[in-house]
Amino acid sequence: MEAPKKSTRGQLRAELGATLGFVERNFYLSKRYLGWEVVFLFYTIVNTLTIALIGVTAPGQAGEKVLYLVIGALLWGFLSIIFHDVSESVAWERWEGTIEYTFMAPIHRLTHLGGMCIYAIIYGILRSVIVLAVVALFFDLDLGGANLLGALAVLMMSSISFIGLGLMAAVLPLLSAERGAQATHILQGFILLVSGVYYEVSVLPRWLQPISVISPATYTLRGVRAALLEGVPLGELVPCLAILAATGVILIPAGLAVFAWGENYAMRAGKLKRSG
Amino acid sequence: MSGNGVPAAAATAVRKTFREKDETLAYLPEYRGLAGRWKYARLRPKDIRAVNDVSFEVRRGEIFGILGPNGSGKSTLIRLVATLLLPDAGRVTVFGMDVVKERRAVRHLINRVSVEAAFFKKLSALENLRYAARLYGLPPREGTEHALVILERLGFDRRKAFGSLENLSRGMQQKVAVARALFTSPVLLLLDEPTTGLDPRSKREVQEFVLEVRATHDTTVILTSHDMAEADRLCDRLAFIDEGRFVTEGRPAVLKEEYCRLRPDGATLEDIFLDVTGKHLIAEGDD
Ligand SMILES: Nc1ncnc2c1ncn2[C@@H]1O[C@H](COP(=O)(O)OP(=O)(O)O)[C@@H](O)[C@H]1O
Ligand SMILES: [Mg+2]
């Protein structure tokens, strides 16, 4: 008896199908929790609006300040979703009790995590577009001189590095169910603090400022703001794009390696599931 | 097919030890207070020998039963075969393939039903099955249709497959779990107490289906249970496990016959179970 021999193409098709399986499953879950989706969306919109309103009080260039804050809120929303969805992919399944069945499936771990990332990006973009559309109804956002393409390039590049961060964090719930999920929240809060989401990094206490240098969100915000507020051309965004790309290129393989190590540890120590 | 001599599943001298602190200690007076907490934090975890030097061979097409009380190591053994735990020592193979080194190939051949029906409870049976179909590379529509046919065979009303799983009884959920394990056509099926907690009718339906699958498909089954009637009915061969060790092994009829000699009034599998897993071991060859 041998494993059913599949051609490389057949195998690739099966892995792609499984990737789709994760996207579809998460879509079904969102559908079932639609009430919560609407509530969270409402909260995010209100949150974005209240932050934008702070900008209105700014003396002089209120319009620019509003846009500055809206960019911060939108980007933070988007990056949080990616980080959160990817890092919670294990925690959620442990909580549901399905983790062993997902891990036992004859697929590559890359397929599993890739599917989770693709869904997170689609979901994050959808939510951000809705929030932006509503915010645009309230404020007259002036994007006349903005370099939209440049902003989009920065955003795509930073998704990659945030996927890497999410993969690193996803391993924590494998090691310890509750502690892991707690740790990912602390990490997320820390990134929010140091990355200059609503203010320039320079207003942080001096001893905190060096830490902002290692957060990919710092570069994302800087790049997108430069593109949208100052209309900086793509060429001048290259250093920022390069930093984000390099972070992704380092973090994604590192994240996968850490995850593989964590999976092995969980299988050795019996951390996946013990009852049933 | 080739390789008829290769056992469907085999274990040689497999061990699995978990290390864990005895959490009940935290409630003792001496571990209360700040100093007590510190002392508790420094306690060394205890070794739990869940599977201790177990060897077996399951022939192709056989239904092999593992019987033992709660906490005797049945689920741990199943997880070792299911590529969900790494053995500390020894080797487990499925159709000659090592479950550690050839993990992915093994995963193509197996599926498992656990005591708890592990599903996304908010999703419907159909949505859960569709997800499973995609993971196993089955076309989603034909795959789920096949699963629905299995479910109907198990006395499951097709219409219930569209509603949220959390509204179904445990027995119904377990039937979905059986369908999920079988629609991927595993050649080695791991059933970990599949009928525990089911009502007598559902139990019957699942048992009959297991026998039917074995008769009509090329499927080998490893089944754990603490239900003696079930083991007698389904299993070609049995092993009794206690505290992580196999204490006795054989065909149900042969085991009963052997024990009859020790018990002139006739032995049931239940007598054997109580004897070999109780404090007074009468089986020879174990300590
Ligand atoms: N993941 C785990 N971590 C720590 N201890 C475990 C784990 N799984 C099982 N055990 C312990 O190992 C022993 C055997 O458990 P198990 O294999 O689940 O028994 P059974 O399935 O026969 O009830 C028990 O003492 C149980 O508490
Ligand atoms: Mg068990």
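Bear in mind these aren't lab numbers, they're just calculated from the coordinates by the rules spelled out. Everything numeric here is computed off the predicted structure, so don't read it as measured data. Here Cβ is always computed from backbone atoms with ideal geometry, including for glycine, and neighbour counts include all displayed protein chains.
Observations, loosely collected:
- Whole-angstrom gap from the stretch B:1-54 to the stretch B:67-126, using each part's C-alpha centre: 18
- A simple spin-label model places the labels of A:LEU148 and B:GLU57 7.1 nm from each other, with each point 7 Å out along Cα-to-Cβ.
- Order of B:LEU126, B:LEU190 - criterion: other Cβ atoms within 10 Å of each residue's Cβ, fewest first: B:LEU126, B:LEU190
- Rounded to 5, the percent of DSSP beta bridges in the protein assembly as shown classed as antiparallel: 55
- In this structure the amide hydrogen of A:ASN147, modeled in the peptide plane, comes within under 5 Å of the amide hydrogens of A:LEU228, A:GLY231, A:VAL232, none closer than 5 places in sequence on its chain.
- Each Lys or Arg adds one and each Asp or Glu subtracts one; over the other residues with Cβ under 9 Å from the Cβ of A:ILE99, this totals -1.
- Hull-based mean projected area of the protein assembly as shown, where the convex hull spans the alpha carbons, in square nanometres: 32.3
- Net +/- balance of residues flanking B:LEU25 in space, Cβ distance below 14 Å, scoring K and R +1, D and E -1: +3
- Sparse-neighbourhood loop sites, trypsin sites (Lys or Arg not before Pro) in the stretch A:1-60 - DSSP loop, at most 10 other Cβ within 10 angstrom: A:LYS5
- Ascending count of other beta-carbon atoms within 10 Å, so fewest first, for B:ARG130, B:ARG214, B:ARG112, A:ARG206: A:ARG206, B:ARG214, B:ARG130, B:ARG112
- Sites B:TRP38 and A:GLU178, calculated FRET efficiency, Cβ-Cβ separation with R0 22 Å, nearest 0.05: 0.55
- Cα gyration tensor category, rounded, prolate or oblate, for chain B with a/c compared to 1.5: oblate
- Pairs of Cα atoms nearer than 8 Å and 6+ residues apart set the relative contact order; for the stretch A:198-276 it is 19 percent.
- Förster radius 60 Å - calculated FRET efficiency between A:TYR199 and B:ARG15, Cβ distance, rounded to 0.05: 0.55
- Estimated FRET transfer efficiency when R0 is 25 angstrom, pair B:THR24-B:THR268 (beta carbons, to 0.05): 0.10
- Within the listed set B:LYS122, B:LYS16, B:LYS203, the Gaussian network model of chain B (springs between alpha-carbon atoms below 10 Å) gives the highest mean-square fluctuation for B:LYS122.
- Candidates B:GLU127, B:GLU230, B:GLU212: whichever shows maximal mean-square fluctuation once chain B is modelled as a Gaussian network with Cα springs under 10 Å: B:GLU212
- Relative contact order computed over the stretch B:9-277 (Cα-Cα under 8 Å; 6+ residues apart), in percent: 24
- Between A:LEU137 and A:ASN264, residue separation times 0.36 nm minus the direct Cα-Cα distance comes to 40.7 nm.
- Per DSSP, loop chymotrypsin sites (Phe, Trp or Tyr not before Pro) in the stretch A:189-243 with at most 14 further Cβ within 10 Å: A:TYR199, A:TRP207
- Dipole magnitude of the stretch A:3-142, debye to nearest 20 (Cβ charges: Lys/Arg +1, Asp/Glu -1, about Cα centre): 640
- Comparing Cα centroids, the stretch B:170-244 and the stretch A:206-276 end up 46 angstrom apart.
- Applying the Karplus relation 6.51 cos²θ - 1.76 cosθ + 1.60 with θ = phi - 60° to the stretch B:237-247 yields 3J(HN,Hα) values of 9, 10, 10, 9, 10, 9, 6, x, 10, 6, 9 Hz, where x marks Gly and Pro.
- Potential lengthening between B:ASP218 and B:ARG158 on full extension [0.36 nm per residue; Cα-Cα distance subtracted]: 18.9 nm
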